[in-house]
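The values are calculated or read from the model by the stated rules, or taken from the named source; none is laboratory data. Since the structure is predicted, the reported quantities are computational estimates derived from the model, not experimental observations. Cβ placement follows ideal geometry from the backbone for every residue including glycine, while neighbour counts extend to all protein chains displayed.
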Amino acid sequence: MENYTAQELFELLNQQDECEWIEGKGGHESSHSVMETVCAFSNEPGLAGGYILMGVAEDKTSLFPQYKTVHISDPDKFQRDFVSRCSSMFNMPIRPKVSVEKINKHTVIKVQVNELPQNQKPLYFKSEGLPSGAYRRIGSTDQRCTEDDMHIFYADATSFDQTPVKGSSMNDVDENALKRYRNLREKVNPAAEELSYTDNELLEALGCLNRENKTELNLAGLLLFGTTKALRTFYPMLRVDYIRVPGNKWVEDPDNRFTTIDMRGPLLTLIYRLIDAIQSDLPKGFLLPEEGIQASPLGLPTRVLREAIVNALMHRSYREHRPIQVIRYDNRIEIINPGYSLKSKEHLGEPGSETRNPFIAAVFHETNLAETKGSGIRAMRKLMEQAHLAPPTFDSDRNSNEFTSRLLLHHFLNEKDVSWLNSFEAYGLADSQKQALIFVREVGAIDNLTYRQMADCDTLKASSELRTLKDFGLLSQKGKGKSTYYIAGEKLSAPPQELSAPPQELSAPPQELSTPPQELSTPPQELSTPPQELLDRIAQLNQREHDAGKIKAIIKDLCAIRAMKAVEIAFYLNKGDDYIKRKYLAVMIQEGELIYLYPEMINHPEQAYITKK
């Protein structure tokens, strides 16, 4: 790794913010957060390590993200504590390079962490073990490892989809699924050698049999070709739930407000059944050409829907015993599959693919059900644009271990939408900016990441176009730095009929849209007082409560009162909201005990949690 001075690192922070190999820390002590970064830099393959600059903090008073120096008064104590922790907290001693330097006459500490050799990975916290005690550097964040990360550290190349299914046999194979494979493969390559194989030979060639016992299926074989009965017997939760929800939000009493279809079967036939079920529910829109009279029908492209479904089935984590959820709202389709993306959010849509289930993926590629070069997301964006729909958005959540695709159906242009967008013609907005306005109208907020995915652009262009919308008064900016997001401005809710020039000044945004509080000293005014029995249970918790079940039960009861923000939950439990989100809320979302109030934008500024009844 190239050597940088503390001054050079400080300048880089102010030019590009934190990145994969630079982390700024304002604390004066070697906190657990600092040690997580040490662990992540040591583990991340190909990164070559990174720098931690202690004694710098983000300047909250600056309009744009800027870092300032924070003087460290006792650097010797920090070094002693830090070196001691690096020697004792991990499964092996770590020896980073630590130096004391000056920036703006303030004392700061530069820590250089080198990547460990492959035979010494993964580094992990001894008290937590594997895999959750190990961390990786994903973008500018430190992320806990999961079972899916372990394969990058060890030489064992066996994938999880090769796991033998004990007790299965050739009697569990669905003949229709085998016929479907042969038909699809023949369309791609009529001369393919495997078309002449017997069924047993074909399954073996596709890597669908237990290598130690050729009479048994493995997980790939059961998922691709297994009968519905066998799938229910061996893996009852590996199904797809198609859920139809009235309105645009998840309802608080789902038992009485939506309909669900549980769908099982071999993947090669399940794909088509699921697509048919969704398409039968979709409305048909129209496109009215400029100065035209005859409208042409327009709908969600079948290829986009197929790509989203195939990605969910192909890339989901089959270690997780929970179903894929396809949720049909009035204005969007959400496809939520267990298993975060192995590609970081910043690289979604770029060429290249990282495959979690290589044998399942190989069958999908050979039959042309899936893209072969990692170009599926880019193709989806292009097709949605051609259909005059908003590009799809994606969210990968390592904490909840799930990946969400969203197809925004409210962009089927109707007369009201066309009229609404025409009222902004005088601003000369780009198509991506118009799409952002509709997204804010429907969802309530937008951030840089969501805009990048919709516009297929880089961070700088997204920031520039969002600022333009803010300058016009169409959006109002909230938050600072990486926490920046935008909500509707005054002129978005009441667009002008005519505009002679862009507005020079902005009126203050509505008071009810102010930034959500970071800390609460008194209970939220809008929340009714919890029952006394619940308050008594909270009061009986120990200061260092070790029974996670008690706390989870209290959180569920709090969120059953109404949708509640993390900061509000933290207030009642007298804990930090970051701690509550990491330790409990993320886990409860993953386990299906809680759901998001705004699942279409996980980082929504008003995000809250609801008990799933």
Of these, THR141, THR107, which one is in contact with a Pro (Cβ under 8 Å, 6 or more places away or on another chain), among the hydroxyl-bearing types (Ser, Thr, Tyr) and over 30 Å from THR215 (Cβ atoms)?
THR107
Quick one: count up the residues across segment 121-163 that are farther than 21 Å from GLY50 by Cβ, in contact (Cβ under 8 Å) with a residue 40 or more places away in the chain and surrounded by fewer than 17 Cβ atoms within 10 Å (Cβ to Cβ).
2
Looking only at segment 578-613, filter to residues that are small (Gly, Ala, Ser) and not in a helix (DSSP H, G or I); which one of those is surrounded by the fewest Cβ atoms within 10 Å (Cβ to Cβ)?
GLY592
Pick from VAL188, VAL173: which is under 25 Å from ALA308 (Cβ atoms) and of a type in the set (Val, Ile, Thr)?
VAL188
Out of GLU115, GLU128, GLU36, which single residue is in a helix (DSSP H, G or I) and not β-branched (Val, Ile, Thr)?
GLU36
Of all residues in segment 1-18, how many are in contact with a strand residue (DSSP E or B) (Cβ under 9 Å, 6 or more places away or on another chain) and outside any helix (DSSP H, G or I)?
6
Would you call LYS575 assigned to a loop (DSSP other than H, G, I, E, B) and modelled with pLDDT under 90?
yes
Which of the residues spanning segment 323-359 are small (Gly, Ala, Ser), modelled with pLDDT of 85 or more and under 25 Å from LEU389 (Cα atoms)?
SER341
Working only within segment 156-202, note down all residues that are within 18 Å of PRO122 (Cβ to Cβ) and either among the acidic types (Asp, Glu) or assigned by TED's automatic domain parsing to the domain that holds GLU402 (or both).
ASP156
When residues of segment 408-459 are limited to those that are not in a helix (DSSP H, G or I) and not hydrophobic (A, V, I, L, M, F, W, C), the one modelled with the lowest pLDDT:
ASN414
VAL567 fails exactly one of the following numbered conditions: (1) among the β-branched types (Val, Ile, Thr); (2) touching a Ser or Thr at 6+ places or on another chain (Cβ under 9 Å); (3) surrounded by 17 or more Cβ atoms within 10 Å (Cβ to Cβ). What is the number of that condition?
(2)
Matching option when the condition is part of a helix (DSSP H, G or I) and surrounded by 15 or more Cβ atoms within 10 Å (Cβ to Cβ), among LEU222, LEU238
LEU222
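Conditions (1) of a type outside the set (Lys, Arg); (2) under 30 Å from PHE90 (Cβ atoms); (3) part of a helix (DSSP H, G or I), marked per residue:
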site	(1), (2), (3)
ARG136	no, yes, no
ASP148	yes, yes, yes
ASN171	yes, no, yes
LYS179	no, no, yes
PRO190	yes, no, no
THR215	yes, no, no
Please find, among ALA539, ALA553, ALA563, the residue that is modelled with pLDDT of 85 or more, touching a strand residue (DSSP E or B) at 6+ places or on another chain (Cβ under 9 Å) and of a type in the set (A, V, I, L, M).
ALA563
Cβ pairs under 6 Å, 6+ apart or interchain, first in segment 33-61 and at pLDDT 95 or above, second surrounded by fewer than 18 Cβ atoms within 10 Å (Cβ to Cβ) and of a type in the set (Val, Ile, Thr), ordered by first then second residue, are none
Counting only residues that are in contact (Cβ under 8 Å) with a residue 60 or more places away in the chain, more than 11 Å from SER168 (Cβ to Cβ) and not small (Gly, Ala, Ser), how many does segment 193-215 have?
1
Would you mind finding the one in ASN368, ASN399 that is in a loop (DSSP other than H, G, I, E, B), modelled with pLDDT under 75 and among the polar types (S, T, N, Q)?
ASN399
